[in-house]
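The values are calculated or read from the model by the stated rules, or taken from the named source; none is laboratory data. Computed from a predicted structure; not experimentally measured. FYI the Cβ positions are ideal-geometry reconstructions off the backbone, even for glycines, and counts take in every protein chain you see.
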Amino acid sequence: MAEQRSARLAVLIDADNTSAKIADGLFEEIAKIGEASVRRIYGDFSSTRMRSWNEILASHAIVPQQQFAYTSGKNASDITLVIDAMDLLHSGRFDGFCLVSSDSDFTRLASRIREQGIDVYGFGEKKTPESFRQACRRFIYTENLLPETAAPQDKAPKRETASSAIPLIEKAMEQLETEEDAWVTLGAVGTQLSNLSSDFDPRTFGSRKLSDLVKKTGAFEIDHPEGGSIRIRKKQAAKGRK
């Protein structure tokens, strides 16, 4: 029996709007989705601003696409990235695209690729406009990809509290429940959370996994039958909470 092939992905990075510090975490995250068959980065690499990217391109086999800044204020890199993306899309060789940028200019590109039935995974900072985040099947905040030592503790990105995730988890459960007090599997809840919010990520709330986040909220009963899947339901006290 032939081994099932991983999803073939095209990774396109906007160097002007992405820190080189996320590189290791970025490709670790992409490896969970599929195989990064194409790895391209766009920017003016003759600029001293790009020195940090120049130092790590080889270690991740990223191919730089040089775009000289002939005119101040004009970003030729964005246009080149879009042209390449459309060429790759129409080649029919890819199962998904990873667009790495915090720029809302790529919203229409993400929408166009998805219209073709191809998944788009966005990677950008929390400041990324909602239009781009929601245009992607899933959006991962690059703050969650930074190594622990990337910044001093007092400058580390602020995490949301676990309790702030409760309303969204409850909403996902309500859409899955078939009767009062019903248990729902954690896997189904995770899928529904992704459908509700493309940028949902337990790491945003300081938890490595969804199961850790659910436990941390204290608002749900958790059951793990032997040989079965983890399932959850709202606690009685939580059900009366508005």
## Note on the structure
Arg51 fails exactly one of (1) assigned to a helix (DSSP H, G or I); (2) in contact (Cβ under 8 Å) with a residue 24 or more places away in the chain; (3) farther than 22 Å from Leu9 by Cβ, namely (2)
### Query
Is it true that Ile33 is closer than 29 Å to Pro202 by Cβ, surrounded by fewer than 16 Cβ atoms within 10 Å (Cβ to Cβ) and of a type outside the set (D, E, K, R)?
no
### Task
Give the residues of the range 13-28 that are surrounded by 19 or more Cβ atoms within 10 Å (Cβ to Cβ) and either out of contact with any Phe, Trp or Tyr (no Cβ under 6 Å at 6 or more places or on another chain) or closer than 19 Å to Gly96 by Cα (or both), sorted by residue number.
Ile13, Asp14, Asp16, Asn17, Thr18, Ile22, Ala23, Leu26
### Query
Since Pro202 meets every condition but one in (1) over 23 Å from Thr128 (Cα atoms); (2) surrounded by 19 or more Cβ atoms within 10 Å (Cβ to Cβ); (3) modelled with pLDDT of 90 or more, which condition does it not meet?
(1)
### Task
Please verify whether the range 102-109 includes one or more residues that are hydroxyl-bearing (Ser, Thr, Tyr), out of contact with any helix residue (DSSP H, G or I) (no Cβ under 6 Å at 6 or more places or on another chain) and in contact (Cβ under 8 Å) with a residue 12 or more places away in the chain.
no
### Task
Answer yes if at least one residue in the range 68-76 is surrounded by fewer than 22 Cβ atoms within 10 Å (Cβ to Cβ), part of a helix (DSSP H, G or I), in contact (Cβ under 8 Å) with a residue 12 or more places away in the chain and not β-branched (Val, Ile, Thr), and no otherwise.
no
